[in-house]
1. Filter the stretch 235-245 for residues that are near the ligand (Cβ under 9 Å from one of its atoms) and in contact with a strand residue (DSSP E or B) (Cβ under 9 Å, 6 or more places away or on another chain); which is least open to solvent (accessible area, probe 1.4 Å)?
2. Here are the criteria: (1) part of a helix (DSSP H, G or I); (2) of a type in the set (A, V, I, L, M); (3) in contact with a Phe, Trp or Tyr (Cβ under 8 Å, 6 or more places away or on another chain); (4) away from the ligand (no atom under 16 Å from the Cβ). Tell me which single one LEU265 does not satisfy.
3. Of the conditions (1) at pLDDT 95 or above; (2) assigned to a loop (DSSP other than H, G, I, E, B); (3) open to solvent by 80 Å² or more (accessible area, probe 1.4 Å); (4) among the aliphatic types (A, V, I, L, M), MET1 satisfies every one except a single condition; which number is it?
4. Select from the stretch 60-77 the residues that are surrounded by fewer than 19 Cβ atoms within 10 Å (Cβ to Cβ) and aromatic (Phe, Trp, Tyr) and list them in ascending order.
5. Can you name every residue in the stretch 99-148 that is within 27 Å of ASN19 (Cβ to Cβ), of a type in the set (S, T, N, Q) and either open to solvent by 30 Å² or more (accessible area, probe 1.4 Å) or in a loop (DSSP other than H, G, I, E, B) (or both)?
6. Which of the residues spanning the stretch 179-214 are in contact with a Leu (Cβ under 8 Å, 6 or more places away or on another chain) and at pLDDT 95 or above?
7. Would you please list the contacts, defined by Cβ atoms under 7 Å and residues six or more apart or on different chains, that run from a residue in the stretch 219-243 that is outside any helix (DSSP H, G or I) to a residue that is of a type in the set (Asp, Glu)?
8. In the stretch 149-165, what residues are open to solvent by 80 Å² or more (accessible area, probe 1.4 Å), among the hydrophobic types (A, V, I, L, M, F, W, C) and more than 22 Å from VAL114 (Cβ to Cβ)?
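The values are calculated or read from the model by the stated rules, or taken from the named source; none is laboratory data. Everything numeric in this text was worked out from a predicted model, so none of it was measured. Glycine also receives a Cβ, built like all others from the backbone with ideal geometry; neighbour counts cover every protein chain displayed. When the accessible area is computed, the model is the full protein with side chains, heavy atoms only, and any ligands, DNA or RNA have been set aside. Shrake-Rupley method; radii C 1.70, N 1.55, O 1.52, S 1.80 Å.
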Amino acid sequence: MMLDFDRLVFAPGVAMVANTVFVNAGLDDAIVLSGAEDIAIIPGTPLFDLVGRVYENDNERGGNGDDLAEFGGRQCYRSWRKGRGNAEYIANVQAMGHGSVFEHASMAFQLTGVSRSLTHELIRHRVGTAYSQESQRYVDAKDIRFVVPPLIANSYDPEASEGVAWKLMMKFRESCQRALDDYIEIQPMLKELCEQAHAAADAGDVKLATSAQKRANEAARAVLPNATETRLLFTVNLRQMFHMLTLRGGEPADLEIRRLAVALLDNCRDYAPNFFAALEEQVGNDGLAEIRSANLARF
Ligand SMILES: Cc1cc2nc3c(=O)[nH]c(=O)nc-3n(C[C@H](O)[C@H](O)[C@H](O)COP(=O)(O)OP(=O)(O)OC[C@H]3O[C@@H](n4cnc5c(N)ncnc54)[C@H](O)[C@@H]3O)c2cc1C
């Protein structure tokens with residue numbers, strides 16, 4: 001049997017669900033605490049400009065990742081009165097390699113349509129990150145989807161019914177369906193096995209009874225492929241995101257995580273456009289989108 005097309009995923013889902021901005025009242029307090037309230041009202045000072053951007057939309061919270069990084073950086077030298085505009089300021093701090101300034105601001109992304117093999121690579125990025133990933137032990141996989149490897153997806157023509165790409169797509173669908181069939185077949189058997197073991201050990205224990213399903217799922221998932229879709233909340237600060245996009249957006253990276261890196265960069269630009277201006281999206285030698293970083297000091 002062939003897996004239904006609606007169970008195939010051809011691109012990741014990326015949504016920025018949260019990011020760090022200023023609490024405006026808190027910024028006011030911070031300026032007073034820093035003894036900089038006189039400077040904050042002088043037009044043309046960096047602090048005046050920063051406060052203006054934070055209050056731009058007249059909300060209780062405002063500003064973006066670039067603003068928070070500048071606020072952090074200017075703490076270091078009390079440089080509230082004189083200096084570069086935000087874009088030049090950020091570029092200069094990047095060039096100096098003063099990376100900790102970019103750890104104050106974080107973004108949280110909902111990611112869907114990514115494979116378990118992708119997340120195995122993603123979670124290797126340990127510093128400045130947080131991950132909350134869907135559990136294959138608690139969530140039953142019988143309705144799961146599968147991520148088509150980009151090498152197959154990019155060559156596949158839905159109108160064609162022959163050729164290597166078509167053949168590979170058919171093979172992929174067959175293989176996923178087989179795995180799914182096996183999962184669905186062995187899952188209840190595993191549960192039964194577990195319940196028998198539990199009954200023999202301690203009949204009537206409610207905790208043991210409820211964990212039988214979890215035990216069955218955790219064993220049954222062994223037959224699912226790397227392509228199995230997963231979902232997660234992924235939080236990352238600006239510094240790590242830059243590092244990650246540089247490593248995972250380039251030609252040596254796996255194509256699926258490279259595609260995710262490009263999609264993440266698009267989202268990042270809305271939140272910290274000046275910081276991420278140092279990363280360029282371009283077409284690689286293989287004809288696919290890739291990320292290149294401008295010639296910066298490593299931070
Ligand atoms: C193209 C590619 C191929 C890869 N292939 C493989 C592979 O075949 N096998 C494999 O196992 N992995 C592989 N990796 C994963 C790689 O080795 C890293 O684990 C991954 O890229 C995370 O990078 P990181 O350690 O810099 O990130 P993080 O863990 O987030 O660390 C960020 C930075 O913090 C510093 N840091 C973190 N921890 C320490 C520490 N303990 N001591 C000192 N400094 C620290 C380092 O400067 C580091 O760069 C590959 C990665 C890429 C991009």
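1. MET244
2. (4)
3. (1)
4. TYR77, the sole residue that qualifies.
5. Residues satisfying the conditions are SER100, SER106, GLN110, THR112, THR129, SER132, GLN133, SER135.
6. ALA179, LEU180, TYR183
7. Pairs that qualify, where the first residue is outside any helix (DSSP H, G or I) and the partner is of a type in the set (Asp, Glu), are THR230/GLU134; ARG231/GLU134; LEU232/GLU134; ASN237/GLU103.
8. VAL164, the sole residue that qualifies.
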